[in-house]
1. Keeping all protein chains in place, calculate the accessible area per residue for the chain (probe 1.4 angstrom), answer in Å².
2. Quick check: the angle from helix 55-77's long axis to the longest principal axis of the chain, C-alpha only, nearest 10 degrees?
3. Taking N as the number of residues in the range 1-69, what is its Cα Rg relative to 2.2 N^0.38 Å?
4. Please give the calculated 222 nm ellipticity per residue for the chain, where each DSSP H segment of at least 4 residues contributes -39500 (n - 2.57) and the sum is spread over every residue; nearest 500 deg cm²/dmol?
5. Would you mind checking the tilt of helix 2-52 against the longest principal axis of the Cα atoms of the chain, expressed as 0 to 90 degrees and rounded to 10?
6. Within the range 9-79, what whole-number % of the accessible surface is contributed by carbon and sulfur, with the 1.4 Å probe and all protein chains included in the calculation?
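The values are calculated or read from the model by the stated rules, or taken from the named source; none is laboratory data. Since this is a predicted model, take the numbers as computed values, not measurements. Side chains included, ligands, DNA and RNA excluded: accessible areas come from the protein's heavy atoms. Shrake-Rupley method; radii C 1.70, N 1.55, O 1.52, S 1.80 Å.
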Amino acid sequence: MNTALIVLTLVEVAIVVVVLAVYLIAIAGTLRRVSATLGLITFGVRAIEKQTEPIGPTVRDINGALEQVAAALDEVSRPRTPASG
């Protein structure tokens, strides 16, 4: 009787180990696919970064011009006091 229980326990442990191994292999495959996808996304983001790199200085120039326009509009919109004379 004890021998049968020991054998049954060993079989159950072996089944648990096999099931865990199958799930871990499946998870490893999924992680490999995710890693490959993230590599492609990183490559794409770097390409976008390189292609949009020249925009930075142009935007700074536009912001400088808009600041000048805002200052001029502020100057024009101030109420003038009549000159005493």
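1. Working: 7940 Å² over 85 residues.
Using a 1.4 Å probe on heavy atoms only, each residue of the chain averages 93 Å².
2. 40 degrees
3. Values: Rg = 29.3 Å, N = 69, 2.2 N^0.38 = 11.0 Å.
Rg over 2.2 N^0.38 Å, computed on Cα atoms: 2.67.
4. Numbers: 2 runs with 74 residues, N = 85.
Here the helix-only value at 222 nm equals -32000 deg cm²/dmol.
5. 20 degrees
6. Values: 4530 of 6330 Å².
That fraction is 72 percent.
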